[in-house]
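**Q** My questions all concern the structure below.
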């Protein structure tokens, strides 16, 4: 049957639901994995496992070099993409709003980490607060910027590439012993929050897209990611919590796997929340 176009009427409720969802996940991440003893232990166990295993490989130095160059890489990618869009469209509004969102994400991460949030000392070897991860926020914000300002035809290509780059960055910060899983998850959520807000602003004053085909995969993957994330929280609570320096190898492996799954699930949730705001509100295809 032929498809007919209807007037574009953004579903504003979707924006606020996405923002509330991201804030809710951030709060759970902080209060369970930072403030609750069992959650902080599980978070630290995953961190300790990778801190002990990864240095034994020959990949530590290349990955750390990548992380050291990450701010430059993110800045270069974002700058090239922004320049392309500005030259092509001869408009500065989208670029300006996206840049402000990135700046807000980076600034709020530093403010939360160093001025607002605290990490209770449960004698697990934690020193200071590292929640959220600045490296992860930078990568996720830069990749989110690319997706937000990309034209509709490029989004199916830009989104998986952007998600993969940000996720690899988050995993790298974990396996190199730079951040705990919750730090990385929080970095994704902070970046997604500001990019969702930027998308809502742009949809109000200058819609990002017109007609896009309906898809069901994102809803299914998003639901599965939330379920997996919830399972990580539950397992982190019910798994054994021996002395942090006397974890059996099998249990250490379990927490290491939980850490990786935690990071990937949070990355998917953040990415698909942003996708639902950029694409979902402007669907106009009707059967």
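Read-outs throughout are calculated quantities, based only on the coordinates presented, and are distinct from any laboratory measurement. All figures in this text were calculated on a predicted structure; none of them were measured in a lab. Glycine gets a Cβ as well: all are built from the backbone with ideal geometry, and neighbour counts include every protein chain shown.
**Q** How would 275, 14 line up from fewest to most surrounding beta-carbon atoms within 10 angstrom?
**A** Listing 275, 14 from fewest to most nearby Cβ atoms yields 14, 275.
**Q** Would you mind classifying the range 137-259 by shape? Square roots of the alpha carbon gyration tensor eigenvalues, ordered a ≥ b ≥ c; an a/c under 1.5 is rounded, otherwise it is prolate if a/b is larger than b/c and oblate if not.
**A** In terms of gyration-tensor shape, prolate.
**Q** Could you work out how much longer the chain between residue 93 and residue 238 gets when fully extended? Use 0.36 nm per residue separation minus the Cα distance between them, nm to one decimal.
**A** Taking residue 93 through residue 238 to full extension adds about 47.3 nm, to one decimal.
**Q** Same structure, new question: Going by how many other Cβ atoms sit within 10 Å of their own, how do 133, 276 line up, fewest first?
**A** By the 10 Å Cβ count, ascending, the order reads 276, 133.
**Q** So how compact is the range 9-286: Cα radius of gyration and Dmax in angstrom?
**A** Cα radius of gyration and Dmax of the range 9-286 are 18.9, 61 Å respectively.
**Q** Just to verify a number: FRET efficiency for residue 153 and residue 23, C-beta to C-beta distance, R0 = 35 Å, to 0.05?
**A** So, using R0 = 35 Å, E works out to roughly 0.65.
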